[in-house]
Amino acid sequence: MIALLGATGYTGKLVAAELDRRRVPHRLGGRSAEKLAALPSDAERFVVDVGEPARLDDFLDGASALISTVGPFVRLGMPAVEAAVRNGVPYVDSTGEQDFVVDVYSRFADAPVPIVPAVAFNFLPGDLAAAVAMADLGSDATEVAVHVEALTIPSRGTARTAVEMTGALSTEAGVRRVPFPDGVRVGLEVPFFCDAPLVRQSGGARVVTTMVLPRPAVPAVRRLSGLLPRLGRVVDRLPEGPPPWLRSRARCRVLAEALGPSGRAAVLCEGRDVYGLTARFLVAAAQNVRGAGAMAPAEALDPEAFLQLVSGDDEHGSFSWRRLSP
């Protein structure tokens, strides 16, 4: 039985629908009994707040895994991780917050169960694809790079996270030429796409992550850090998330490269409806994580087998991956 915490939020509702669709036994947890009752599910409802450790323990009683979608994770996420460790329950979450991921890696390295943050579209495909590319390279990589090109409307939570993290952008951030199969794109080096998980598996190689942008947009994005207070107020007025018809049009590509003396190995992932895919990834990961301690997705999952497992098209999105010729 999988316990889903944050079931009434935007991502949580998509995960609940995915659990229902796959007929996975589960329990829905959230702060509001009224909102829980409104979910179209036959699963057990459980009113729980992350500020109540004993209640979290009761929520996890009998659970085989915990999926957390409670954010912002830096403020609200850690009690769920602590409860999972305390109760010996494997843990995955939807965070995209780099500081939270690093904190989890530091605090729970010796956990008795797998603790795997960042199992969402903005982290997981790049981490797993980079692992496949490094294995394919067949020698020590000197550089591991992940490039993300997204054409999507963010949810309020994703936008809020992005605004909080743009403070890490530098006006001197590097610009790279990114060789996608259909042509070269421009990638702005940013420190918050996959860095923390990738560093764990890079073997000392330089880690580079970029956000692929139209060239004219690069100077404006570099200046975002000066607009943070104003952007924060705008984000708070956004809708909870894009409606299904907009989600279905959202596209994302992730290109992972491993570079070394022997050449280049690369893997391309492509997806439609990144929020639906995040729900797919979270449910599949909760059922398949292995090992113990705080880990990156590529450490807790078999990278190639998992990418294959979550590939395919359905009403919740489409996902595919392939190796690229050198």
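Comparison of ALA63, ALA43, ALA131 shows that the only residue that is closer than 30 Å to PRO179 by Cβ and in contact with a helix residue (DSSP H, G or I) (Cβ under 9 Å, 6 or more places away or on another chain) is ALA131. When PRO40 is tested against (1) closer than 18 Å to ALA111 by Cβ; (2) modelled with pLDDT under 95, only condition (1) is not met. Quick check on my filter: what residues within the stretch 267-293 are under 25 Å from VAL212 (Cβ atoms), in contact with a strand residue (DSSP E or B) (Cβ under 7 Å, 6 or more places away or on another chain) and either small (Gly, Ala, Ser) or not in a helix (DSSP H, G or I) (or both)? Listed by number, the residues that qualify are VAL267, LEU268, CYS269, GLU270, GLY271, ARG272, ASP273, GLY276. If you check ALA3, ALA7 for being farther than 22 Å from MET295 by Cβ and touching a strand residue (DSSP E or B) at 6+ places or on another chain (Cβ under 7 Å), only one passes: ALA7. Only a single item in (1) farther than 28 Å from GLU315 by Cα; (2) at pLDDT 95 or above is not met by GLY30, and it is number (1).
Which one is nearest to ALA17 (Cα to Cα), of the residues in the stretch 298-322 that are small (Gly, Ala, Ser) and more than 17 Å from the chain's Cα centre (by Cα)? Among them, the one singled out is GLY312.
Could you say which residue among VAL85, VAL74 is among the aliphatic types (A, V, I, L, M) and either modelled with pLDDT under 95 or surrounded by 24 or more Cβ atoms within 10 Å (Cβ to Cβ) (or both)?
Values: VAL85 fails: either modelled with pLDDT under 95 or surrounded by 24 or more Cβ atoms within 10 Å (Cβ to Cβ) (or both).
The match here is VAL74.
Scanning the stretch 95-132 for residues that are more than 22 Å from VAL190 (Cβ to Cβ), part of a loop (DSSP other than H, G, I, E, B) and either among the aliphatic types (A, V, I, L, M) or free of Cβ contacts under 8 Å to residues at least 60 places away in the same chain (or both) returns ALA109, ALA111, VAL113. Restricting the search to strands (runs of 3 or more DSSP E) fully inside the stretch 25-76 and requiring at least 3 residues that are in the same structural domain as VAL104 (by TED's automatic domain parsing) and in contact (Cβ under 8 Å) with a residue 40 or more places away in the chain gives 65-68.
The values are calculated or read from the model by the stated rules, or taken from the named source; none is laboratory data. No experiment lies behind these values; they were computed from the predicted model shown. As a convention, Cβ positions derive from the backbone with ideal geometry for all residues, glycine included, and neighbour counts pool all protein chains shown.
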